1. Considering only the stretch 119-142, how many residues are buried (at least 17 other Cβ atoms within 10 Å of the Cβ), at pLDDT below 90 and either closer than 18 Å to HIS189 by Cβ or of a type in the set (Gly, Ala, Ser) (or both)?
2. Which residues, counting only those in the stretch 166-218, are under 24 Å from VAL110 (Cβ atoms), in contact (Cβ under 8 Å) with a residue 24 or more places away in the chain, of a type outside the set (A, V, I, L, M) and not in a loop (DSSP other than H, G, I, E, B)?
3. Restricting attention to the stretch 5-34, which residues are more than 17 Å from THR60 (Cα to Cα), in contact (Cβ under 8 Å) with a residue 24 or more places away in the chain and out of contact with any strand residue (DSSP E or B) (no Cβ under 6 Å at 6 or more places or on another chain)?
4. One residue is enough: does the stretch 395-413 have a residue meeting the conditions within 16 Å of ligand 1 (Cβ to nearest atom), part of a loop (DSSP other than H, G, I, E, B) and in contact with a strand residue (DSSP E or B) (Cβ under 6 Å, 6 or more places away or on another chain)?
5. Considering the stretch 463-494 alone, what residues qualify as being open to solvent by 60 Å² or more (accessible area, probe 1.4 Å) and touching a Ser or Thr at 6+ places or on another chain (Cβ under 9 Å)?
6. Is at least one residue of the stretch 450-462 in contact (Cβ under 8 Å) with a residue 24 or more places away in the chain, away from ligand 2 (no atom under 16 Å from the Cβ) and either basic (Lys, Arg) or open to solvent by 40 Å² or more (accessible area, probe 1.4 Å) (or both)?
7. Do we find a residue being within 16 Å of ligand 2 (Cβ to nearest atom) and not hydrophobic (A, V, I, L, M, F, W, C) anywhere in the stretch 355-368?
8. If you scan the stretch 495-511, which residues turn out to be open to solvent by 20 Å² or more (accessible area, probe 1.4 Å), more than 16 Å from ligand 2 (Cβ to nearest atom) and out of contact with any Lys or Arg (no Cβ under 7 Å at 6 or more places or on another chain)?
Amino acid sequence: MEIRLLGPIEIVTDGSALDVGAPQQRLVLTALAADAGRLIGTESLIDRVWDEAPDGARRTLQVHLSRLRRLLDSAREDGHAPVRVLRRSGGYLLDIEPDRVDALRFRGLVERAHDRDSTDAERVKLLAAAMELWRGPPLGDLPGQWAATVRQAWQQQYLDAAQDWAIASVQIGDVAPVLAPMAALTAEHPTVESLAAAFIRALYAAGQASDALDHYIVIRRHLTERLGTDPGPQLQQLYRQILDADPALAPATGEAHPGWTPHQLPAPPPAFTGRSTELAQLDRPHDDADVVITVIDGMAGVGKTALAVEAAHRIAARYRDGQLYLDLRGYTEDAEPLEPAEALDHLLRGLGVPPAQIPAGADGRAGLYRTRLAGRRMLILLDNAASESQVASLMPGAPGCFVIATSRHQLAGLDHARRLSLDTLARSDAVTLFVRCAGVGERFCSPELLAELVELCGGLPLAIRIAAARLKSHPTWTLTHLVERLRDRKHRLAELAAGQRSVAASFDLSYRRLNPEQQNAYQLLGQHPGPDIDEHATAALLDSTPISATRILGQLMDANLLLEPAAGRYRFHDLTRAHAADTAQRDRRAS
Ligand SMILES: Nc1ncnc2c1ncn2[C@@H]1O[C@H](COP(=O)(O)OP(=O)(O)OP(=O)(O)O)[C@@H](O)[C@H]1O
Ligand SMILES: [Mg+2]
């Protein structure tokens, strides 16, 4: 037998509910059951049943009690202790195991959930079990002041439990089950800020940041309309944290959610053009038995990142466990390349590992990273790598994942890597890119002029985009005028700068990563008048031996600052040559 108070009042026996009788009779049962096992004084009992006790209240109470005794007797179940209303000196007591009254069971579960020794996972289970006992507003439709007071207090306990359930669920990363109940509860109690905060956090943890923000707006409106107040500081702070995607909002402890699927790829580049051969190559299915990595290398601004991101979007659906993206900052203004420990920290967070569980050292992090990737199919895009070792430290340990790395270096020493050396754009693609970015109608432009323009940009996407941006931002310029400006070899690099972007600045980042010997060679080669150069001429230029000249030429090629169009013949890209010459001039001026 079970007595249910968290909803309509019921005595349930053998799975069916008994008729407890008229409201006053139900009230007497409730008054006893709410404090089952405890003695309740006769006066208190009368006060619970009547706001103003009528004459003969004691007598009426006795009648209700004897009817209840009969009812409980008839509901008696074999094998269970009988439930009895006992007369003790000065009052009455309902003799029943506390767990057989739902309200007392609710309280017991909540108390255990708040036990200091309970883990978050246990807390979630206990609170979920408590919430399940709830069947609607407690004490049904019982009349009177006492019932109203108890109803309100229990209602509050229920809201507190729901809120704690949501918070603990966020901690263990299992928020899906709380979303619908919390949505219903916050709709029912739209001005309870702590409840709203718990729901907003759960939405955010479920990856529904915009719903979380929307809910804040809804709460704010309710508070203004109903209470004439603003959200309190805690709710406001939560809102700001979500806007900032504050990492502090990640759960502090607990397991990463097994179903956590990251989608970290940046947006595909706008007006992506050409590269069909390279896209097909990246799309080629690979043998699942191998750990697979493709390295895209090429000169600054040639479109490595653009190609990698575009290709990653095209094949993303094949990697059902998600896609990770990390900028390794190989060539970033005012920033050093990411250390392995730092890079692993980013990737582990991307994999949903709570920050508190990320080991302190690089080795521990690498181990956890490979563990998390084991058996999963993920696409990992490592952008702007500085070196082989930087990429090697981030390789998964088992097959199933596909890594795409981009670098200005060739990263020739990476095992298993497929290599994709990216050249400048073919002329027709370069023209298309310019036309699309500048917003000029191709039909209205002279094909010769367009061809000359992309030639002057050396087919380099970065240069083409900058040239297009300049034309767009100067409505009085014609294509002829732009081409004339770029024809001037001396000022060409200076012309190829717009807003934050500049070809020279981008090349400078490569130059600054060279050692002094390489920098010196780069400058001297920039002053060489011929279209290309061999080892012997280089040795003479550098005043060194052919062997050491060959070594330096190889290093500059590895950094994609030099090309080797035919065996033993080296040359610059036109814009790199201009940069090398400018750098020499700049350094002469500085000394
Ligand atoms: N195929 C393309 N279609 C359209 N835009 C492109 C293409 N390739 C590159 N771009 C654009 O050219 C610019 C330079 O490209 P990107 O940043 O990809 O070069 P990168 O080789 O990664 O340079 P870095 O070595 O500096 O990292 C970007 O604005 C990019 O969007
Ligand atoms: Mg890049």
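The values are calculated or read from the model by the stated rules, or taken from the named source; none is laboratory data. What you see is a predicted model; the values in this text were computed from it and never measured. Here the Cβ is made from the backbone with ideal geometry for all residues, glycine too, and neighbour counts use every protein chain on show. Remember, those area values only see protein heavy atoms, side chains included, never the ligands or the DNA or RNA. Shrake-Rupley method; radii C 1.70, N 1.55, O 1.52, S 1.80 Å.
1. Number satisfying all stated conditions: 1.
2. Residues satisfying the conditions are SER169, GLN171, PRO177, PRO181, THR186, GLU193, SER194, PHE199, ARG201.
3. The answer is LEU5, LEU6, GLY7, PRO8, ILE9, THR13, ASP14, ALA34.
4. We begin by selecting, within the stretch 395-413, every residue within 16 Å of ligand 1 (Cβ to nearest atom); these are 404-411.
When the remaining residues are screened for being part of a loop (DSSP other than H, G, I, E, B), the result is 408-411.
When the remaining residues are screened for being in contact with a strand residue (DSSP E or B) (Cβ under 6 Å, 6 or more places away or on another chain), the result is 410-411.
Yes, the stretch 395-413 has at least one match.
5. THR480, ALA494
6. Our first condition is that a residue be in contact (Cβ under 8 Å) with a residue 24 or more places away in the chain; within the stretch 450-462, this holds for 450-462.
Imposing the further condition that a residue be away from ligand 2 (no atom under 16 Å from the Cβ) reduces the set to 450-459.
Next, from what is left, pick out any that are either basic (Lys, Arg) or open to solvent by 40 Å² or more (accessible area, probe 1.4 Å) (or both): 452, 455.
Scanning the stretch 450-462, I find at least one residue that is in contact (Cβ under 8 Å) with a residue 24 or more places away in the chain, away from ligand 2 (no atom under 16 Å from the Cβ) and either basic (Lys, Arg) or open to solvent by 40 Å² or more (accessible area, probe 1.4 Å) (or both), so the answer is yes.
7. Narrowing the stretch 355-368 to residues within 16 Å of ligand 2 (Cβ to nearest atom): none.
No: zero hits.
8. Hits for the stretch 495-511 are ALA497, GLY499, ALA504.
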